């Protein structure tokens, strides 16, 4: 049984990793090699020319900086609002808590395309159009329901007795929350941060509608690479994947499973 599980994990890993490998291989291969048939699955003609040209294209580095700024700001703002909300849902019983949780999930069922015109109008009237602040607010609104639900679930697994013991020994409720509850809730916080960053990084429709000169990298790639050669499309795909993988790798060290065993 254990061998079957390991083989299944290897198969899933290969299935998930194959597209990443092929995109990386194509982005770092010479343009001439991409036109050869049959294409080699091994790195036989590596070249950084395509990737270098892509990164030097107009708007790419600016879009990358905007995406990083918006993604990290969205993570910070989502946790700042979502952690107290998740803690309140986990610790306090109030009328309508279950319907409220369902309502949070239902907000994710509303497609953003339905909100595009009202959002654009509101952002134009408030001066938030074509700003990183406006896109950050949009991405935070999209990520908050999941942030609240994930953190509330993990707070339920934190012992209330330990928190009460800290307050008995003189800690304030805020200090007990920060020093006792948060360290034990790092699995949920890490999972929520990873989901929020990836959601913000990959979101393209809202960023395309609400920005013109300060577009995120996905919006910039969508606008500029639609008619570009195939090699530059692969380079754009690699540029979109790598930062998200780096963030996940950094956040992964805080990610524990629900039984408290560290994932190594």
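The values are calculated or read from the model by the stated rules, or taken from the named source; none is laboratory data. This is a predicted model, so every value here is computed, not measured. Methodologically, a virtual Cβ is constructed for each residue, glycine included, from the backbone with ideal geometry; neighbour enumeration extends over all protein chains shown.
Hey, could you check the stretch 150-163 for residues that are surrounded by fewer than 22 Cβ atoms within 10 Å (Cβ to Cβ) and in contact with a helix residue (DSSP H, G or I) (Cβ under 6 Å, 6 or more places away or on another chain) and say which is farthest from residue 90 (Cα to Cα)? Among those that are surrounded by fewer than 22 Cβ atoms within 10 Å (Cβ to Cβ) and in contact with a helix residue (DSSP H, G or I) (Cβ under 6 Å, 6 or more places away or on another chain), it is 162. Can you spot a residue in the stretch 162-171 that is within 25 Å of the chain's Cα centre (by Cα) and modelled with pLDDT of 80 or more? Within the stretch 162-171 (the criterion being within 25 Å of the chain's Cα centre (by Cα) and modelled with pLDDT of 80 or more), the answer is no, since none of the residues qualifies.
When residue 97 is tested against the conditions (1) more than 27 Å from residue 207 (Cα to Cα); (2) touching a residue at least 60 places away in the same chain (Cβ under 8 Å), the lone failure is (2). Is it the case, given these coordinates, that residue 113 is buried (at least 18 other Cβ atoms within 10 Å of the Cβ), touching a residue at least 40 places away in the same chain (Cβ under 8 Å), in the same structural domain as residue 211 (by TED's automatic domain parsing) and more than 16 Å from residue 155 (Cα to Cα)? Criteria not met by residue 113.
Scanning the stretch 52-78 for residues that are more than 16 Å from residue 237 (Cα to Cα) and buried (at least 20 other Cβ atoms within 10 Å of the Cβ) returns 66, 70, 71, 74, 75, 78. Mind checking which residues of the stretch 224-241 are free of Cβ contacts under 8 Å to residues at least 40 places away in the same chain, within 19 Å of residue 62 (Cβ to Cβ) and surrounded by 14 or more Cβ atoms within 10 Å (Cβ to Cβ)? Of everything in the stretch 224-241, those that are free of Cβ contacts under 8 Å to residues at least 40 places away in the same chain, within 19 Å of residue 62 (Cβ to Cβ) and surrounded by 14 or more Cβ atoms within 10 Å (Cβ to Cβ) turn out to be 225, 228, 240. Cβ-Cβ contacts under 6 Å between residues 6 or more apart (or on different chains), taken from a first residue in the stretch 1-26 that is farther than 25 Å from residue 48 by Cα and in the same structural domain as residue 232 (by TED's automatic domain parsing) to a second residue that is assigned to a helix (DSSP H, G or I) and modelled with pLDDT of 80 or more, are absent. Note on the stretch 51-84: among residues that are in a helix (DSSP H, G or I), closer than 29 Å to residue 219 by Cβ and without any contact (Cβ under 8 Å) to a residue 60 or more places away in the chain, the one that is nearest to the chain's Cα centre (by Cα) is 76.
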